[in-house]
Amino acid sequence: MLEKEKEVDRLKSSFFANISHEFRTPLTLILGPIDSLLARSSDPYQRQQLGFMKESAARLLRLINQILDLSKLDAGQLRLSLRLTELQTLLKGVTASFSSLADSRAIALRFTAQERLPALYCDPAHVETILINLLSNAFKFSQEGGSVEVRVAVLPPALPAFPEGALDISVSDEGEGITQEQLAHIFDRFYQAGHARESLWGGTGIGLALTKELVELHGGSITLESRVGEGSTARVRLPLGSRHLSPAQLQAATDRQGDWSLPLTAAAGLTETLAEASATDLNATAVSAVAPAAVRPLLLLIEDNADVRAYIRSILAADYRLLEAPDGETGVRLAQQEITDLIISDVMMPGIDGYEVCRRLKQDERSSHIPLILLTAKASVHSRLQGLEQQADLYLSKPFVPQELRLCLHNLLQARLRLQERYQKQVVLKPSELAVSSVDEAFLKRLMGVLEIHHARESFSVEQLSLEMGMSRSQLHRKLEALTNESASHFIRSFRLQRAMDLLQKKHASISEIAYMVGFSSPSYFTRCFLKHFGTTPSAVLEA
């Protein structure tokens, strides 16, 4: 019986994860165009209407996330990613993110905390969810001209439940309040308290239930005080110290301490900043910084949803040449044939998923160097870590802001350009310093081993090098251009010239002899190439 219940819980969790993905995909197609229109619109009325649409879609997204978290709690699959954290910046940032809402409704928003709060063991993402839920409810329950206040205080180790003290976070409003009878059920799932159906404690009845479970998962407590006509105060207490943690939790938190990522609020703030930027300016920057318009980078989009492909195509077509694949198998084949500059892949697809796509491409010499973004509706920390374990360069959750995607692609291309510049500045190519992955490093070492054997043969060509490397000529050409900004023929010449420089510096032989030794057809041609490559003549090196 117990095994059957566990299987039911697993199926429920899987169902909610899949249905979450199904909801997030159309939300991408709603929120993305809204952000694009907001970035371009200067009409106040239009911006107001778009803002209403964006807020409604964002609220739907929050509800989806909350339902998913509740299902994980029921199945015992929601795990805290605990770490020792100073919450001052995060709590202040979450509160500040409600400033525009407060201004639009003439509500005074205040944040009060002592100058430096002690660090505590918590999951920052879930603490953020807790405060967002409490603030959202407080604003829904407040009237124009009212006030909402967040207070953060440190409680000494006087309470039995908190032997090492606690962090006290309270959210107060001056709204309508609720009765004592309703107060007794306020943390029950799907409970809607009277007139609160359209306001603070109403809606779905999910937010406070999830908040309570997240607080208790941290070993904390949550209470609500309210008087009809006077307002309400929600109070969360999170334990300080480590006595409430198991040895395994404490060890995991210690191991995780160096693995810090940007808090979600900070990422959201970045997203909002990007949304306010001029899309036209951003496009111009990306094109001019990456390549001339006639040589736009080649991007492969692997996505099973045709509408999402069409939407991404609409926001990237001006800056990139696009290849599209409707499934993972086709995507892998195209990536290895074409050797694109960038890849965007969805995670949940029929056949092989995005994780497998990433694994295959990053382990194949032909495609290991290509920057790859996993784009997915699976927004959990576990899913992001799974993607990064397969060496994905970036992991973006749906729905995404168009400008954010453009900047991520732009930054990946800039990182590739910096890698190429490093090669061009090096006198001696050192694969371990140049390569961005062990596969690329192994590729370059194997390539140089082949050249070491054959560079003295004047007839050794790009075709023969491609054959030795097990690639087509075009594949080798695009791979080397991506890593070194040199074609295969130029790479062979650079290798020969570098070997000639070594021999000249050691005064190993005459200029003519060295020219033939490194595979040049004539000393005069060798001298011209040497001067162009090093900015000095062979005779000057030999006489130095």
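The values are calculated or read from the model by the stated rules, or taken from the named source; none is laboratory data. No experiment lies behind these values; they were computed from the predicted model shown. Methodologically, a virtual Cβ is constructed for each residue, glycine included, from the backbone with ideal geometry; neighbour enumeration extends over all protein chains shown. Just the protein is used for accessible areas: all its heavy atoms, side chains included, with ligands, DNA and RNA removed. Shrake-Rupley method; radii C 1.70, N 1.55, O 1.52, S 1.80 Å.
The aspartates and glutamates whose alpha-carbon is closer than 13 Å to the alpha-carbon of LYS398, local same-chain residues fewer than 8 away aside, are GLU22, GLU303, ASP346. With protein chains left intact and a 1.4 Å probe, residues in the stretch 39-118 average 57 Å² of accessible area per residue. For SER461, no residue has an amide H sitting under 5 Å from its own, ignoring neighbours fewer than 5 places away on the same chain, with H placed 1.01 Å from N. Close amide H pairs (under 5 Å, H built 1.01 Å from N) link GLY241 with TYR121, residues at least 5 positions away or on another chain. Modelled label positions at GLN363 and LYS506, each set 7 Å beyond Cα in the direction of Cβ, lie 4.0 nm from each other.
Let me check I've understood the local charge: for ILE352, count other residues with C-beta under 10 angstrom from its C-beta, Lys and Arg +1, Asp and Glu -1. What total comes out?
On the way: positive: ARG359, ARG360; negative: ASP327, GLU329, ASP353, GLU356.
Charge balance near ILE352 sits at -2.
Share of the stretch 41-161's accessible area from carbon and sulfur, percent, 1.4 Å? Walk me through the intermediate numbers first.
Numbers: 3260 of 5990 Å².
Exposed carbon and sulfur together represent 54 percent of the surface.
Could you list, in their original order, any pairs among LYS479/LYS532; LYS445/LYS507; LYS445/LYS479 whose Cα atoms are separated by more than 19 Å?
Values: LYS479/LYS532 24 Å; LYS445/LYS507 27 Å; LYS445/LYS479 14 Å.
The answer is LYS479/LYS532; LYS445/LYS507.
Ranked by the mean number of other Cβ atoms within 10 Å of their residues, highest first, the peptides 305-317, 356-368 fall in the order 356-368, 305-317.
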